[in-house]
Amino acid sequence: MAETESLLETPLAGLHRALGGRMVAFAGYAMPVQYPAGIMAEHLHVRSAAGLFDVSHMGQAELLGEGAAAALERVTPADIQALKPGRQRYGLLMTPEGGIFDDFMVANRGDRLLLVVNASRKHDDFALIESVLPAGVTLRRLPDRALLALQGPGAAAAIGPLAPALIALSFMGVAETEIEGIPVIASRSGYTGEDGWEISAPAGEAERLARILLALPGVQPAGLGARDSLRLEAGLCLYGTDIDEATSPVEAALTWSIGKRRRMAWDFPGAERVREELANGTARVRVGLRPEGRQPARGETMIHAPGGETIGSITSGGFGPSLGGPMAMGYVARSHATDGTPIELIVRSKPLAARIAPMPFVPHRYAR
């Protein structure tokens with residue numbers, strides 16, 4: 001485990017330690033990978049009840065000024081101008097070469113856009129966005145805000161009495177309200193495949209808010225370990241692992257995030273590559289993988305066709321507690337990407353039988 005003394009801390013660091021969280025280095029922060037119950041127990045609790053995650057290390061910012069949506073479209077193929085007030089959208093920041101600079105969430109609050117980006121990329125992301133802003137549009141970073149994620153089928157029943165406005169939201173809806181006097185901005189979204197909310201609050205109120213939520217029926221703390229296994233079961237990408245600047249949206253099966261209007265104009269960075277790949281296909285594609293038996297295959301494991309030809313590699317892999325078996329995602333040659341195709345995973349120099357499998361591995365249960 002990496003030393004954590006020189007790492008940044010979120011406003012909830014003291015609470016994590018008080019709860020017995022095992023702290024590790026992640027994206028420059030000391031973060032809890034698990035609590036005493038353990039990763040598998042935390043994972044299963046989120047699937048059956050509700051878990052509370054600290055995601056305050058992620059970057060939050062707001063984009064202000066007339067023309068903010070059009071300005072943001074200079075670095076993303078998402079249709080930001082069509083995003084209605086009170087709604088949130090997933091998007092990709094793009095490189096001029098057609099790679100993925102990062103993925104992010106954007107919400108329309110009527111008078112401003114709210115952005116949430118990955119912790120490891122936030123400084124680069126904000127610099128990229130600022131580089132294309134016209135006069136009158138301003139990006140304001142929000143380092144004084146914390147971010148909590150309440151996730152699981154029991155989340156609605158738990159938080160409903162405290163925040164009725166949040167229960168009224170559908171998936172990807174956003175609202176401002178108060179929780180026991182604490183002003184929050186919350187979206188009905190998350191990174192687990194479950195119903196739940198991501199709740200932004202003033203950093204100075206973060207610990208009080210977390211304690212309020214943890215005191216709700218059925219809510220328990222969950223760390224980075226469970227967050228990773230939950231998102232993998234849900235078939236969701238992790239930036240820097242499953243997608244990066246070398247990966248295109250077409251290869252990553254993320255073309256659904258490109259707005260229809262943007263596909264007509266082709267006026268976003270990397271559009272030439274994306275357009276060509278949509279027309280002619282890609283050499284490789286992101287797929288799900290199901291190893292036979294109980295042994296998991298981890299990231300960077302090579303994928304072979306039966307007989308020995310190397311056809312790709314795993315980017316994320318592990319054991320799915322809800323799935324009851326191993327799972328992985330990675331990139332394979334397009335000719336081998338059909339669901340059900342037999343493959344071999346080279347684990348400890350030995351072939352492990354597996355098949356291409358559809359994702360998500362565990363069905364999403366968002367509040368549609």
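The values are calculated or read from the model by the stated rules, or taken from the named source; none is laboratory data. What you are looking at is a predicted structure, and each value in this text was computed from that prediction instead of being measured. Please note: Cβ atoms are built from the backbone with ideal geometry, for glycine as well, and neighbour counts cover all protein chains shown. Calculation scope for accessible area: heavy atoms of the full protein, side chains included, ligands and nucleic acids excluded. Shrake-Rupley method; radii C 1.70, N 1.55, O 1.52, S 1.80 Å.
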- Item | Filter result for residue 229 (surrounded by 17 or more Cβ atoms within 10 Å (Cβ to Cβ), small (Gly, Ala, Ser), assigned to a strand (DSSP E or B) and touching a helix residue (DSSP H, G or I) at 6+ places or on another chain (Cβ under 9 Å)) | no
- Query: Tell me, which residue of segment 78-106 that is of a type in the set (S, T, N, Q) and open to solvent by less than 30 Å² (accessible area, probe 1.4 Å) is nearest to residue 285 (Cα to Cα)?
  - Reply: 95
- Task: Check segment 110-129 and report whether any residue there is acidic (Asp, Glu), touching a residue at least 24 places away in the same chain (Cβ under 8 Å) and assigned to a strand (DSSP E or B).
- Result: no
- Criterion (more than 25 Å from the chain's Cα centre (by Cα), touching a residue at least 12 places away in the same chain (Cβ under 8 Å) and open to solvent by 30 Å² or more (accessible area, probe 1.4 Å)) met by exactly one of 276, 292, 309, 300: 292
- Item | Matching entry among 41, 71, 50 (being crowded, with 23+ Cβ neighbours inside 10 Å, at negative phi and hydrophobic (A, V, I, L, M, F, W, C)) | 50
- When the residues of segment 15-34 are filtered to those that are over 21 Å from the mean Cα position of the chain (by Cα) and under 23 Å from residue 197 (Cα atoms), which remaining residue is most open to solvent (accessible area, probe 1.4 Å)? 19
